[in-house]
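This report refers to the structure that appears directly beneath it.
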Amino acid sequence: MANVVRAALVQTEWTGDKESMIKKHADYARQAAEQGAQVMCFQEVFYSAYFCQVQENEHFDDAEPIPDGPTTQAMIDLAKETGMVLVLPMFEKEQDGFYYNTAAVIDADGTYLGKYRKTHIPHVKGFWEKFYFRPGNTGYPIFDTRVGRIGVYICYDRHFPEGWRALGLKGAKIVFNPSATSRGLSMYLWNLEQPAAAVANEYFIGAINRVGKEPYGDNDFYGSSYFVDPRGQLIGAAASDKEEELVIRDLDLDMVEEVRKTWAFYRDRRPDAYGDLVAP
């Protein structure tokens, strides 16, 4: 019997305030659950606009503790209600002066499993993230959920192959990459990097991007969220590049073992020869 997981992604536009963004995502989660979804990931800093296009202290007010903050607690209740595993990218405040771009992971019974903090933090025009976020210090955790072993990578992380590989070495079968990515050269990379990472690491990837224009800066987020399998093939079509969309796809996790037997990349790795990669 096939080991199939029904997984969901959602790409949404900014509503104008935090409360309505949380409600919108909860409504989409309920829709996904009604369609049989078992796991769902939201977009990067899902309850906020992508405020990193500017450097303004007022946006620190959006940060919350994880898991003790109100949004995580509300999503714990939502996971219990829907019976879904939830991956929740948020702006985390650990303590005064310690802020992270983080994803919390909640199991289908509402158990808080832990968090991943974005490791690679960009700081270029339109993406002034070092103003807000410290580099992540969680390493690359794997979360044992009701649907299997999942990992999280966040947006700019996807340009760095080392984390993708670390998640595969730890046994990830599905990796979610919530993002805030705008039109231009990155759209070409969006359609290239994550399928390539799925092939190189032999697991499923769920790629989520925001959609629409937001009040800070002039970035136009192009959506185009998708699932890709361990062979690098999209599962169904990518989402719209202009409209909100709920993406639900069936992932046959048995494909991971099948592909790893065909392409024995993990067997043929040579970590003894890779010392130069981590030399100072």
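Each reported figure results from applying straightforward, stated rules to the coordinates on display, with no laboratory input. Only a predicted model underlies this, so the values are computations on that prediction, with no experimental measurement involved. With ideal geometry, Cβ positions are generated from the backbone for all residues, glycine too; neighbour counts draw on all protein chains shown.
Tabulated data
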read-out	value
In sequence order, calculated HN-Hα J values of the stretch 89-98 (Karplus, 6.51, -1.76, 1.60; Hz; x Gly/Pro)	x, 9, 8, 9, 10, 7, 6, 4, x, 10
Part-to-part distance (alpha-carbon centres) for the stretch 3-64 and the stretch 81-152, which is given in Å	13
Positive-end extreme of charge dipole, the chain - chosen from P215, G136, Q95 (charges on Cβ)	G136
Residue-averaged [θ]222 nm for the chain, counting only DSSP H segments that reach four residues, each worth -39500 (n - 2.57)	-7500 deg cm²/dmol
Read-out Rg and Dmax of the Cα atoms in Å, derived from the coordinates shown; its label in [x] 17.7, 53; [y] 19.0, 55; [z] 19.5, 62	[x]
Highest-first arrangement of 38-44, 10-16, where packing means the average Cβ count within 10 Å	38-44, 10-16
F265 versus E34: modelled label distance in nm, points set 7 Å from Cα along the beta carbon direction	3.8
Assigned charges on the beta-carbon of Lys, Arg, Asp, Glu; the stretch 4-269 dipole about Cα centre (debye)	880
Leading residue at positive end of dipole, the stretch 4-269 (Cβ point charges), from L169, T262, A8	T262
Residue-span extension gain [D272 to D96] - 0.36 nm each, minus C-alpha spacing	59.2 nm
Kyte-Doolittle mean at least -0.5 and Cα axial length at least 20 Å: DSSP H helices in the chain	185-201
Cβ crowding within 10 Å averaged over residues, with 28-35, 183-190, 87-94 ranked highest first	87-94, 28-35, 183-190
DSSP bridge pairs, the chain: antiparallel proportion in percent, nearest 5	70
Relative contact order %, the stretch 128-280, counting alpha carbon pairs below 8 Å whose residues are six or more apart	16
Spin-label pair E244/D68, simplified geometry with 7 Å Cα→Cβ offset, distance in nm	3.3
Of F98, F46, F176, the one that fluctuates the most in a GNM where the chain has Cα springs shorter than 10 Å	F98
Only Lys, Arg (+1) and Asp, Glu (-1) charged, at Cβ; the stretch 1-102 dipole about Cα centre in debye	620
From phi via Karplus (6.51, -1.76, 1.60), per-residue ³J(HN,Hα) for the stretch 231-244 in Hz, x at Gly/Pro	8, x, 9, 5, 9, x, 7, 5, 6, 4, 8, 10, 10, 4
